[in-house]
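Only one structure is covered here, and it is reproduced in the block below.
The numbers here are math on the coordinates, done by the rules we state, and not lab data. Since the structure is predicted, the reported quantities are computational estimates derived from the model, not experimental observations. Please note: Cβ atoms are built from the backbone with ideal geometry, for glycine as well, and neighbour counts cover all protein chains shown.
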Amino acid sequence: MKLLPKNILVIDDSLTLRKFIEKSLVHEDCVNHLFLASDPATGIDLAVNSRPDLIICDYTLPDMKGDELCRRLAQLPETSSIPIILMSSSANEISGLALQETNIVRMLVKPFSCELLVATVSYVLSHWEQRQLAEQAASAVGSILIRGNTLASPICNALRFVEQKHLTGVLRINIGGVTVHTFCKEGMVKVISTRHFEDYLEGTPFLTHGKKSAIWKRCEERQLETLSPFILNLNLEGVLPLQTAQILTNVYGHRLFARVWTEKNANYEFEQTSLPGFVEICEPPPLRINDWILENLRNVQEADEIQLILGDPNGIPTFTPNGYTQIREVEPDRDELKILSHITGATPFKEICRQTRIIPDMAARRIYYYQRLGFIDYWPSTVLQAHG
């Protein structure tokens with residue numbers, strides 16, 4: 001769905017760049033009113049008095065750096081909730097900084113194309129609107145705290161919201177007609193299940209299309225009726241030891257949830273509610289949500305984004321504004337750490353593979369994990385060549 005035109009403020013001392021941004025956004029009907037400022041003081045004044053929906057700001061400005069300007073806007077009650085896209089001619093200049101301001105939501109490395117600018121603006125506006133809707137829903141009376149769609153807001157945002165608020169309840173995600181139920185306790189993921197029984201057991205030795213024993217039927221019926229996972233039900237029937245059932249329930253839950261990442265248009269909601277008894281039986285490793293997301297992404301077998309990276313080896317991975325600092329909060333494996341340490345914002349993918357001696361398929365997968373976490377962007381070579 002195309003976003004309605006918004007009010008946007010551009011702060012940059014380059015007349016050429018201001019005109020380029022104005023032409024690009026007006027041509028694509030992205031803007032209702034466009035405010036232009038050539039210096040920080042004018043930019044702050046316009047932001048306070050005009051209350052734009054989005055600010056596009058350069059990092060290098062006369063009298064003040066862009067991050068300092070963003071910090072001041074974050075401290076003003078009139079502008080603290082306005083998202084900011086920060087521009088710079090050097091990715092290293094930004095990704096190396098400890099950008100802690102929550103209003104800096106995206107970065108653009110100059111030069112950039114009209115298409116990339118419009119795509120970034122559209123993404124930020126839709127993401128910010130979804131975030132505001134989630135916050136409004138969270139403060140409303142009722143048990144449904146979040147409703148969203150992955151086209152507008154990644155599932156990572158919902159999971160982080162659950163952790164931030166220490167919520168207990170169930171996150172339901174619809175993927176191709178299959179509803180994945182993710183039970184959370186005090187902000188941590190505990191159990192993942194579904195009533196679509198064959199999807200849950202797909203690719204496991206427990207799925208049989210032949211004759212079913214009485215125990216097998218009881219385990220299946222219990223999952224269909226209560227969402228209690230089949231493997232856990234085998235323990236209740238005395239077939240599997242508890243520890244084995246707990247481990248396999250966690251493994252199969254991860255495999256089921258991994259399908260969420262490749263679904264382009266998934267609806268989801270979080271209901272704050274008491275948990276069924278079987279949740280207490282499960283004891284998954286206690287992971288912070290970003291570590292849980294990273295572990296789950298490692299279960300993804302195929303994704304379009306992986307193929308795009310492999311098909312564009314001259315593309316360049318770079319950290320998002322907060323990605324450089326956020327990576328310190330997770331535990332990369334050995335190969336992931338090698339790749340992350342070679343991301344400079346100027347080194348092509350193929351050169352990273354050569355330097356780390358990691359085969360392209362494995363390297364692309366690891367970059368994909370951190371893309372989905374929102375820590376890394378991948379700049380296509382076509383964009384770089386057009387402005388090289």
The chain: antiparallel DSSP beta bridges as a percent of all, rounded to 5
60
With a 10 Å cut-off between alpha carbons and a GNM built on the chain, which of VAL279, VAL109, VAL239 moves the most?
VAL239
Where the Cα atoms of the stretch 304-386 are projected onto their three principal axes, how long is each span, largest first, in whole Å?
35, 26, 23
Convert 10 °C to kelvin, take the viscosity as 1.306 mPa s, use the Kirkwood radius over C-alpha pairs of the chain as Rh, and evaluate the Stokes-Einstein diffusion coefficient in µm²/s, rounded to a whole number.
69
Note down the nm distance, to one decimal, between modelled labels 7 Å out along Cα→Cβ at ASP333 and at THR273.
3.5
In sequence order, what are the phi-derived ³J(HN,Hα) couplings for the stretch 189-195 according to the Karplus relation 6.51 cos²θ - 1.76 cosθ + 1.60 with θ = phi - 60°, rounded to whole Hz, with x for glycine and proline?
6, 10, 9, 10, 8, 7, 7
Within the stretch 267-284, list the residues whose amide N lies under 20 Å from a label point set 7 Å along Cα→Cβ of GLN243.
280-284
Between the alpha carbon centres of the stretch 38-80 and the stretch 327-388 the gap in Å comes to 31
Rel. contact order, % - alpha carbon contacts under 8 angstrom, at least six apart, the chain:
14
Please report the Cα spread of the stretch 6-129 along all three principal axes, rounded to whole Å, starting with the longest.
32, 32, 28
GNM result for the chain, Cα springs below 10 Å: residue of ASP63, ASP361, ASP335 fluctuating most strongly:
ASP63
Partners for LYS338 among lysines (Cα-Cα distance below 24 Å; same-chain residues under 8 apart left out)
LYS350
For the residue pair VAL48 and GLN307, what label-to-label distance in nm results when each label sits 7 Å from Cα along the Cα-to-beta-carbon direction?
5.3
Within the chain, what is the longest stretch that has no trypsin sites (Lys or Arg not before Pro) placed in a DSSP loop and near at most 16 other beta-carbon atoms within 10 Å?
3-164
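Stretched out fully, how many nm does the piece from LYS23 to GLU78 gain, at 0.36 nm a residue minus the Cα gap? It would help to have the intermediate numbers written out before the result.
Working: separation 55, 0.36 × 55 = 19.80 nm, distance 2.78 nm.
The LYS23-GLU78 span can extend by a further 17.0 nm.
About the Cα centre, and with charges only on the beta carbon of Lys, Arg (+1) and Asp, Glu (-1), how big is the dipole of the chain? Nearest 20 debye, please.
Values: 38 positive and 46 negative charges, 144 e Å.
Once rounded to the nearest 20, the dipole reads 700 debye.
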Which whole DSSP H helices in the chain pass both tests: a Cα extent of 30 Å or more along the axis and a mean Kyte-Doolittle value no lower than 0.0?
114-139
